[in-house]
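Engineer: Pasting in a structure now, in structure tokens, and then I'll have a few things to ask.
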Amino acid sequence: MFIMDYTAGQGWHDGRIVPYGPLALEPSAMVLHYAQEVFEGLKAYRGPDGGVQLFRPMENVRRINSSCERMCIHPPPAGGGRPWPPLSSSCAWRPAGCPPSRAPPCISVPFIIATTPSLGVHAAHDYLFCIITCPVGAYYAEGINPVKIYVENEDVRAVKGGTGYTKCGGNYAASIRAGERAEQNGYAQVLWLDGVHRKYIEEVGSMNVMFQVGDTVLTPELTGSVLPGITRKSCLELLKSWG
Ligand SMILES: *Cc1c(COP(=O)(O)O)cnc(C)c1O
């Protein structure tokens, strides 16, 4: 895994690749109490030439920077049109014993947590940026077959002005209860409705939604409560280019 530290006054420093293992944190580390945290998820695939390809990684850099801005975290350095320095090499990692030609798709999860030991609600002075990587299979047990989606009309995931547009752990924590209920009733995922009227479609648990009606494709607007998915953006760009 890759680790880098942030210290107020010093900025991001000491980036290093170390064996995967537990992180040492103070029990009073602010992330554990106030959830000052952001993350990303990048898929890596093996290309036809045997090389490793990340899907539009700079979009993830832009999104984590926007999540950081909302959460008062200094974004880690990325520049020159390339994602954070270690990512290009981290996506080439593969499970021990797995030959390169058999490497499955991998997911890289960069995340930043507030580590300052302080029991007071304010922006932390110390952060940890970490990137872990692991192989992934199909997102749903059903693979690419249709899944049953539960329309949630009690809990809401996000509201305008909140943190719905960021990838932060708190959004997911708030979504767990509805997810559990859906699962107990035989559904694969939750479809979230807007937090005010509980009537307008927002998105599914961890993905945006699109509907085809005749020749038109519809998807909710990005007004602050919906996560701006890179898949969503790519689909809209493709649909436009196809006329
Ligand atoms: C990550 C995420 C998505 C999808 O984003 P992609 O960039 O397309 O992978 C959609 N909704 C939520 C809530 C998410 O966390």
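The values are calculated or read from the model by the stated rules, or taken from the named source; none is laboratory data. This one's a predicted model, so the numbers in the text were calculated from it and none came from an experiment. Methodologically, a virtual Cβ is constructed for each residue, glycine included, from the backbone with ideal geometry; neighbour enumeration extends over all protein chains shown.
Engineer: Could you name every one of the strands (runs of 3 or more DSSP E) located completely within the range 1-84 that has at least 3 residues being at pLDDT 95 or above and either over 15 Å from the mean Cα position of the chain (by Cα) or farther than 19 Å from Ala114 by Cα (or both)? Reasoning before the result, please.
Structural biologist: On the way: elements: 2-7, 11-17, 37-39, 42-46, 52-54.
In the range 1-84, 2-7 are the strands (runs of 3 or more DSSP E) which contain 3 or more residues that are at pLDDT 95 or above and either over 15 Å from the mean Cα position of the chain (by Cα) or farther than 19 Å from Ala114 by Cα (or both).
Engineer: Another question, then. Which of the residues spanning the range 190-204 are more than 13 Å from the ligand (Cβ to nearest atom) and of a type outside the set (Val, Ile, Thr)?
Structural biologist: Leu193, Asp194, Gly195, His197, Arg198, Lys199, Tyr200, listed by residue number.
Engineer: Determine if the range 217-230 includes at least one residue that is within 24 Å of Arg62 (Cα to Cα), in contact with a helix residue (DSSP H, G or I) (Cβ under 6 Å, 6 or more places away or on another chain), part of a helix (DSSP H, G or I) and not small (Gly, Ala, Ser). Talk me through it step by step, then tell me what you get.
Structural biologist: At the first step, the residues of the range 217-230 found to be within 24 Å of Arg62 (Cα to Cα) are 219-230.
Next cut, in contact with a helix residue (DSSP H, G or I) (Cβ under 6 Å, 6 or more places away or on another chain) only: 230.
Going one step further and asking which of them are part of a helix (DSSP H, G or I), we end up with 230.
Those still in the list that are not small (Gly, Ala, Ser) too: 230.
Yes, there is a match, as at least one residue in the range 217-230 is within 24 Å of Arg62 (Cα to Cα), in contact with a helix residue (DSSP H, G or I) (Cβ under 6 Å, 6 or more places away or on another chain), part of a helix (DSSP H, G or I) and not small (Gly, Ala, Ser).
Engineer: For Trp242, all conditions in the list (1) within 9 Å of the ligand (Cβ to nearest atom); (2) at pLDDT below 95 hold save one; what is the number of the exception?
Structural biologist: (1)
Engineer: Among what's in the range 147-197 and is under 22 Å from Val109 (Cα atoms) and among the hydroxyl-bearing types (Ser, Thr, Tyr), pick the residue that is surrounded by the fewest Cβ atoms within 10 Å (Cβ to Cβ).
Structural biologist: Of everything passing the filter in the range 147-197, Tyr172 is surrounded by the fewest Cβ atoms within 10 Å (Cβ to Cβ).
Engineer: Looking only at the range 205-218, filter to residues that are over 13 Å from Thr231 (Cα atoms) and surrounded by 12 or more Cβ atoms within 10 Å (Cβ to Cβ); which one of those is nearest to the ligand (Cβ to nearest atom)?
Structural biologist: Here is the first cut: in the range 205-218, the residues over 13 Å from Thr231 (Cα atoms) are 205, 211-218.
Filter once more, so that each one left must be surrounded by 12 or more Cβ atoms within 10 Å (Cβ to Cβ): 205, 217.
Numbers: Gly205: 7, Val217: 16 Å.
Among those that are over 13 Å from Thr231 (Cα atoms) and surrounded by 12 or more Cβ atoms within 10 Å (Cβ to Cβ), it is Gly205.
Engineer: Restrict the check to the range 163-185 and report whether at least one residue is free of Cβ contacts under 8 Å to residues at least 12 places away in the same chain and not in a helix (DSSP H, G or I).
Structural biologist: No, because not a single residue in the range 163-185 is free of Cβ contacts under 8 Å to residues at least 12 places away in the same chain and not in a helix (DSSP H, G or I).
Engineer: Name every residue in the range 143-158 that is more than 14 Å from the ligand (Cβ to nearest atom), among the hydrophobic types (A, V, I, L, M, F, W, C) and assigned to a loop (DSSP other than H, G, I, E, B), in order of residue number.
Structural biologist: Ile144, Val147
Engineer: Sticking with this structure for a sec: Which pairs have Cβ atoms under 8 Å, sit 6 or more apart or on different chains, and link a residue in the range 227-243 that is farther than 15 Å from Val204 by Cβ to one that is more than 15 Å from the ligand (Cβ to nearest atom) and not hydroxyl-bearing (Ser, Thr, Tyr)?
Structural biologist: Listed pairs, sorted by first residue: Leu239/Val217.
Engineer: For the range 142-157, indicate whether the set of residues that are within 19 Å of the chain's Cα centre (by Cα) and of a type in the set (Lys, Arg) is non-empty.
Structural biologist: Checked against the condition, which is being within 19 Å of the chain's Cα centre (by Cα) and of a type in the set (Lys, Arg), the range 142-157 yields at least one hit.
Engineer: Collect the residues in the range 32-61 that are small (Gly, Ala, Ser) and either free of Cβ contacts under 8 Å to residues at least 24 places away in the same chain or within 11 Å of the ligand (Cβ to nearest atom) (or both), keeping them in residue-number order.
Structural biologist: Restricting attention to the range 32-61, the residues satisfying the condition of being small (Gly, Ala, Ser) are 35, 41, 44, 47, 50-51.
Across the range 32-61, the qualifying residues are Gly41, Gly47, Gly51.
Engineer: Next question. Among the listed residues Arg56, Arg70, Arg16, which satisfies the condition of being more than 30 Å from Ser234 (Cβ to Cβ), surrounded by fewer than 18 Cβ atoms within 10 Å (Cβ to Cβ) and among the basic types (Lys, Arg)?
Structural biologist: Numbers: Arg56 fails: more than 30 Å from Ser234 (Cβ to Cβ); Arg70 fails: more than 30 Å from Ser234 (Cβ to Cβ).
Going through Arg56, Arg70, Arg16 in turn, the sole match is Arg16.
Engineer: Here is a follow-up. May I ask you to list the residues in the range 149-195 that are over 16 Å from Ser206 (Cβ atoms) and of a type in the set (Lys, Arg)?
Structural biologist: Lys160, Arg181
Engineer: So, one more: Condition first: of a type in the set (A, V, I, L, M), loosely packed, with under 12 Cβ neighbours inside 10 Å and without any contact (Cβ under 8 Å) to a residue 60 or more places away in the chain. Can you find one or more residues in the range 19-27 that meet it? Step through it out loud before you land on a result.
Structural biologist: The initial filter retains those residues of the range 19-27 that are of a type in the set (A, V, I, L, M), namely 23-25.
Filter again for loosely packed, with under 12 Cβ neighbours inside 10 Å, leaving 23-24.
Pick out the ones that are also without any contact (Cβ under 8 Å) to a residue 60 or more places away in the chain and you get 24.
Taking every residue of the range 19-27 in turn, at least one turns out to be of a type in the set (A, V, I, L, M), loosely packed, with under 12 Cβ neighbours inside 10 Å and without any contact (Cβ under 8 Å) to a residue 60 or more places away in the chain.
Engineer: Can we say Tyr127 is more than 13 Å from the ligand (Cβ to nearest atom) and in a strand (DSSP E or B)? Talk me through it step by step, then tell me what you get.
Structural biologist: Details: more than 13 Å from the ligand (Cβ to nearest atom): yes; in a strand (DSSP E or B): yes.
Yes; evaluated as a whole, the condition is true for this residue.
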